[in-house]
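Participant: Before I ask anything, here is the structure I am working with.
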Amino acid sequence: MALLGRREERQERREERRGGGDKEIFQMREKLVSVGDDYWIETNTGRRAFKVDGKALRIRDTLVIRDLAGNEVARIQERKIAIRDTMSIERPGRPDASIKKALINPLRERYTLQADDIGEISIQGNIVDHEYEFERGGSKIAEVSKRWLRLRDTYGVEISPGEDIALILAATVALDQM
């Protein structure tokens, strides 16, 4: 009985470190996304949540994110004619979004996620090492980190309640591609 109590206590401490039970946490595989490859985005408990479908043999790199029912929730495409790295995120029934790299970023990598329905979201941190944050109006709305997960080549995406989960995950996939 005491052993069960300690396990529950450790689980509660883990939940507190991750921001409590109100935030959504997803697991992503590091650098396994390439055009033509498919993989699953899972919840922190290992349940499949979204499928990333790489579309091969296209002029532009294209990735489609689908929910468990197979419905398309986002389509990510590289914009070939752009001054700075840019990818578009098409969302069925919602305004398209774009993610762009900042022109000057002396200290940290910076990107901007923009769409008419969400405004502008700043993304900054160490993108290559999967340690960065999404912020809107100075408030953190999502965080990407390898620290939470013990699995090799895996990183976590923690999303605040009320945020567009599919868009944040699509932006994370796009950043991995960029």
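Quick note: the coordinates plus some simple rules give every number you see, no bench work behind them. Predicted model, so just to flag it, every value in this text is computed and none were measured.
Participant: Subtracting the Cα-Cα distance from 0.36 nm times the residue separation, let me have the gained length for residue 69 to residue 49 in nm, one decimal.
Facilitator: Length gained between residue 69 and residue 49: 6.2 nm.
Participant: Using Cα pairs closer than 8 Å and at least 6 residues apart in sequence, work out the relative contact order for segment 111-175, in percent.
Facilitator: 19 percent
Participant: From the cross-link list 23/146; 51/100; 101/140; 23/100, which pairs have alpha carbons spaced over 21 Å apart?
Facilitator: 51/100; 23/100
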